[in-house]
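Take a look at the structure set out below.
Rule-based calculations on the coordinates, nothing more; no lab input. Because the structure is predicted, anything quoted here is derived from the model rather than measured. Virtual Cβ from ideal backbone geometry, glycine too; neighbours counted across all protein chains shown.
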Ligand SMILES: *Cc1c(COP(=O)(O)O)cnc(C)c1O
């Protein structure tokens with residue numbers, strides 16, 4: 001089955017529910033058992049997929065989302081967690097013990113860095129941040145106690161690509177677990193497990209939900225690693241409300257059509273930005289000018305709608321004039337919804353293994369599903385305001 005068919009059909013069982021196309025939304029804490037025998041059976045099989053014993057461990061609404069995502073990822077199993085950040089922290093806590101060491105890319109999503117610097121440090125796990133473009137050079141950073149190599153490509157503010165197969169090959173040979181935050185590409189454009197990654201992390205809040213209205217994370221793996229991930233989630237009390245599971249599986253159904261359009265518009269906008277005199281460089285691996293372009297082309301099937309723009313030196317009041325007057329580019333965190341967004345970022349503040357020394361301000365744009373001519377007109381007026389305010 002091809003991906004476009006999988007994401008439409010996986011996880012749905014209409015004829016288990018009166019032929020109704022979408023899975024029912026079960027609100028549940030208590031689940032009742034009519035006999036001692038049925039209760040004891042549920043307790044004995046509580047860790048098997050599909051067992052319904054208590055709301056926190058999931059209902060058919062949860063399972064519909066998890067089954068669909070597992071099929072989409074090419075994984076054996078998936079667990080839904082309450083946010084993308086939880087999808088990062090749950091597997092890290094599943095595999096790391098006091099005295100262990102982890103390698104994290106310097107461009108990592110900032111809250112993941114913060115988790116390493118605070119909670120992981122507190123429980124005695126040491127983190128080394130590495131240049132995301134290190135490729136096979138990762139071998140030199142591996143220690144006897146290295147337990148996990150974390151990956152994220154492209155970085156969600158600076159958009160460096162990583163040589164995933166080179167890194168997973170080295171990790172496998174050394175018996176080290178690899179995890180990848182694949183939120184940018186989604187499994188439609190890159191499947192981590194096919195490239196040797198053990199655990200695929202998704203902030204489903206972004207493109208899977210796709211409508212800026214629910215928080216959701218997923219963690220997917222083969223059976224070999226799954227029990228430990230699930231136990232970590234359950235031990236921590238992670239559970240997702242049924243309405244958010246429902247919104248996640250509903251968003252998934254239209255992902256392919258949405259992502260193709262996000263990509264088409266992002267390509268138009270990034271090409272337009274590249275030709276502008278106000279711009280120093282555009283950060284988007286689908287552009288041939290991008291240093292990560294060859295890796296992107298080799299491994300990825302497409303690009304999503306999120307990209308960066310580094311301006312030439314620009315005074316703050318001119319940036320404010322540009323951003324404050326946009327009609328369609330809303331200023332705010334997150335991305336992956338139907339609407340266009342912009343956000344000033346400060347990647348230089350977080351780096352420890354590399355430096356980020358831009359010519360001017362770094363901005364992050366999300367190309368939404370609006371008409372691209374309208375978006376370009378909005379951006380063009382923005383640059384006019386910027387020039388007038390210099
Ligand atoms: C947003 C984001 C997350 C976290 O997702 P939340 O649902 O907001 O917790 C993780 N990784 C990346 C790359 C993100 O952009």
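When you restrict to C-alpha pairs under 8 Å that are six or more residues apart and normalise by the size of region 3-253, the relative contact order lands at 25 percent. Using R0 = 30 Å, the C-beta based FRET efficiency linking residue 76 and residue 126 works out to 0.45. With R₀ fixed at 51 Å, the C-beta to C-beta distance from residue 174 to residue 15 puts the FRET efficiency at about 0.60. Taking the Cα centre of each part, how many Å lie between region 150-224 and region 241-312? Cα centres, region 150-224 to region 241-312: 16 Å. Multiplying the residue separation of residue 331 and residue 39 by 0.36 nm and removing their Cα-Cα distance gives an extension gain of 100.0 nm. Projected label points at residue 280 and residue 29, each 7 Å from Cα along the beta carbon direction, are separated by 5.4 nanometres. Once the C-beta distance of residue 377 and residue 8 is scaled by a Förster radius of 30 Å, the resulting FRET efficiency is 0.30 to the nearest 0.05. With each label modelled as a point 7 angstrom along the Cα→C-beta vector, the residue 384-residue 145 pair spans 6.1 nm.
For the chain, list log₁₀ I(q)/I(0) at each q in 0.13 Å⁻¹, using the Debye formula over Cα point scatterers of equal strength and ignoring solvent, two decimals each. Values returned for q = 0.13 Å⁻¹ are -1.08.
Share of antiparallel DSSP beta bridges in region 3-253, in percent to the nearest 5? Display every interim value, and only then the final one.
On the way: 10 of 26 bridges.
Among the beta bridges of region 3-253, antiparallel pairing accounts for roughly 40 percent.
Spacing of the modelled spin labels on residue 297 and residue 272, each 7 Å from Cα toward Cβ, amounts to 2.5 nm. Full extension of the chain between residue 359 and residue 324 yields a length gain of 10.4 nm, computed as 0.36 nm times the residue separation minus the alpha carbon distance.
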